[in-house]
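The next block holds one structure in the form of structure tokens; read it before the comments.
Every number here is computed from the coordinates shown, using simple stated rules; none is lab data. Worth saying up front: this structure is predicted, and the values here are computed from it rather than measured. Positions of Cβ are generated from backbone atoms using ideal geometry, with glycine treated the same way; all protein chains shown enter the neighbour counts.
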Amino acid sequence: MSERRYDPTHDEWVTFATNRQDRTYKPPAAACPLCPTRPGGPETEIPREHFEVAVFDNRFPSLTTTPPEPDIAGTDLVPVEPAYGHCEVVVFTDDHDATLASVGTQRIRLLVDAWADRFAALAADPRIAYVLPFENKGEAVGVTLHHPHGQIYAYPDVPPRPAREQRAAAKHRDRTGRCVFCDVVAQETGGPRVVVEGTHFLAGVPPWARFPYEIDIWSRAHVGTIPELDAAARDDLARVLARVLAGYDAFFGIRTSYLLGIHSAPVGGSGPEADPTLGHLHLEICPPHRGEGKLKYLAGSETFGGAFLTDVAPEVAGPRLRAAAADVEVPA
Amino acid sequence: MTTPDDDPTRGSGSPDSDGPRDHSAGTTTRATTVGLVVTEERLADGRRITYYGISR
């Protein structure tokens with residue numbers, strides 16, 4: 001089964017991909033499907049012996065370009081449709097034991113180019129409305145493959161959270177005539193919540209952080225997507241991201257688990273949610289950690305109320321993370 | 001309708017990725033002016049794989 005069902009009570013689509021129940025689950029390192037295929041070793045997903053960054057179609061996709069017909073017929077109330085889209089796997093390194101924080105700034109710079117290239121390719125599909133690169137890292141967030149990797153999903157509509165962002169941006173622009181993210185960058189620059197100041201990007205704990213040590217990385221310029229970044233901006237994004245991630249590991253003293261997502265301008269769709277001029281490129285990084293040995297879970301208020309409760313003030317988290325990021329040695 | 005999946009030799013077109021291409025043996029390689037090398041291949045089951053590297 002690979003289909004989408006519309007939830008009329010929340011005005012959103014839910015994807016069912018039951019084939020993913022059979023996906024590879026926490027294999028031992030010797031059987032890692034994301035390692036390179038080495039002489040005498042097992043055949044993996046990646047046939048080369050060495051690589052820097054590899055991107056390929058997910059073997060167990062939630063969305064595909066050839067989805068089967070739905071298992072059930074939709075109704076006027078609950079429409080059902082094939083789950084069209086793209087799901088790609090982005091492997092950052094052939095080193096099974098590395099992390100994005102440890103691969104170094106040059107490799108992250110190459111990854112930025114890979115993100116840009118794949119974003120442009122997926123956005124060229126006229127049936128795609130939104131492209132979302134992301135990384136789920138660490139067992140604390142439910143990762144099933146430990147080899148350092150991220151993913152890119154391309155959806156046939158703008159998903160609920162980016163759509164909500166678009167509506168908020170439209171409301172702010174109607175009221176002020178300006179981009180809400182540009183106003184955030186102007187307000188936060190030089191302030192107590194800043195973690196890393198780049199020339200093209202600003203990293204900081206947002207005043208509304210949903211996770212105790214959330215860091216957002218905002219483009220200083222009103223740029224909608226990664227492909228629009230020039231070489232200097234891509235260099236800066238790599239430097240800022242590398243320092244933020246190394247700073248996390250230094251601060252927590254562990255290999256930090258996190259969810260990282262890249263929000264961009266929509267590339268299709270209709271209505272105000274699809275207005276590409278509202279989109280402002282930014283990354284959101286959400287570690288589940290709230291202290292040594294303590295995790296933040298999405299509980300009743302967050303799950304049923306959609307209302308986040310945060311245990312650490314952003315004005316406290318910001319200086320802590322800034323100090324860690326300033327002192328850490330970032331691999332080149 | 002042509003989608004990115006329809007054409008295995010498709011170039012995926014970032015602003016700085018329009019260099020010469022090698023279409024031999026089912027492999028498409030794009031060398032770029034900024035040292036980025038993009039090589040597109042097909043896995044045994046037909047899925048696409050793209051390698052990104054820095055030319056040295």
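Shown is the FRET efficiency for A:Glu329 and A:Arg164, computed with R0 = 51 Å from the Cβ-Cβ distance and rounded to the nearest 0.05: 0.85.
Considering only B:Ala44, B:Thr27, A:Gly204, the residue lying farthest towards the positive end of the dipole of the protein assembly as shown is A:Gly204, judged by Cα position with unit charges set on Cβ.
Ranking of A:Arg161, B:Arg56 by neighbouring Cβ atoms within 10 Å, starting from the fewest: B:Arg56, A:Arg161.
Cysteines of chain A lacking any other cysteine Cβ under 4.7 Å from their own Cβ: A:Cys87, A:Cys286. Residues B:Ile54, A:Ile72, A:Ile285, A:Ile226, arranged from fewest to most other Cβ atoms within 10 angstrom of their Cβ, appear as A:Ile72, B:Ile54, A:Ile285, A:Ile226. Here is the tail figure for chain A: Cα pairs spaced more than 26 Å apart come to 51 percent of all pairs.
Fewest Cβ neighbours within 10 Å first, please rank A:His96, A:His289, A:His10 accordingly. Could the numbers behind the result be given before it?
Values: A:His96 14, A:His289 21, A:His10 10.
Least to most surrounded, the residues fall as A:His10, A:His96, A:His289.
Given +1 on the Cβ of Lys and Arg, -1 on the Cβ of Asp and Glu, and no further charges, what dipole in debye does the range A:1-50 carry about its Cα centre, rounded to the nearest 20? It comes to approximately 220 debye.
Determine the gain in length on full extension of the stretch A:Thr176-A:Met1; use 0.36 nm per residue of separation and subtract their C-alpha separation, reporting nm with one decimal. Please list the in-between numbers first.
Working: separation 175, 0.36 × 175 = 63.00 nm, distance 4.60 nm.
Extending this stretch completely gives an extra 58.4 nm.
Between the residues A:Gln106, A:Thr64, A:Ala326, the greatest Cα displacement towards the positive end of the dipole of chain A, with unit charges on the Cβ of Lys, Arg, Asp and Glu, is found for A:Ala326. The phi torsions of the range A:280-292, fed into the Karplus equation with coefficients 6.51, -1.76 and 1.60 and a -60° offset, translate into couplings of 9, 4, 7, 10, 10, 10, 10, x, x, 6, 10, x, 4 Hz, rounded to whole numbers, with Gly and Pro shown as x. A Cβ-based charge dipole, computed about the Cα centre of the range A:260-304 with Lys and Arg at +1 and Asp and Glu at -1, lands at about 240 debye. Membrane-span-like helices in chain A, defined here as complete DSSP H runs extending at least 18 Å along the helix axis by their C-alpha atoms with mean Kyte-Doolittle hydropathy no lower than 0.0, are A:105-123, A:231-252; this is a sequence and geometry rule, not a statement about a membrane. Each Lys and Arg contributes +1 and each Asp and Glu -1, all at the Cβ; summed about the Cα centre of the protein assembly as shown, the dipole is approximately 740 debye. Using alpha carbons only, how many angstrom separate the centre of the range A:50-79 from the centre of the range A:305-331? Centre-to-centre distance over Cα atoms comes out at 36 Å. When each of the peptides A:240-248, A:303-311 is scored by the mean number of other C-beta atoms lying within 10 Å of its residues, the order from highest to lowest reads A:240-248, A:303-311.
Toward the positive end of the charge dipole of chain A, with +1 on the Cβ of Lys and Arg and -1 on the Cβ of Asp and Glu, the farthest Cα among A:Gly268, A:Met1, A:Leu245 is that of A:Leu245.
The stretch between A:Ala29 and A:Ile72 holds 11.5 nm of extra length on full extension. This uses 0.36 nm per residue minus the Cα-Cα distance.
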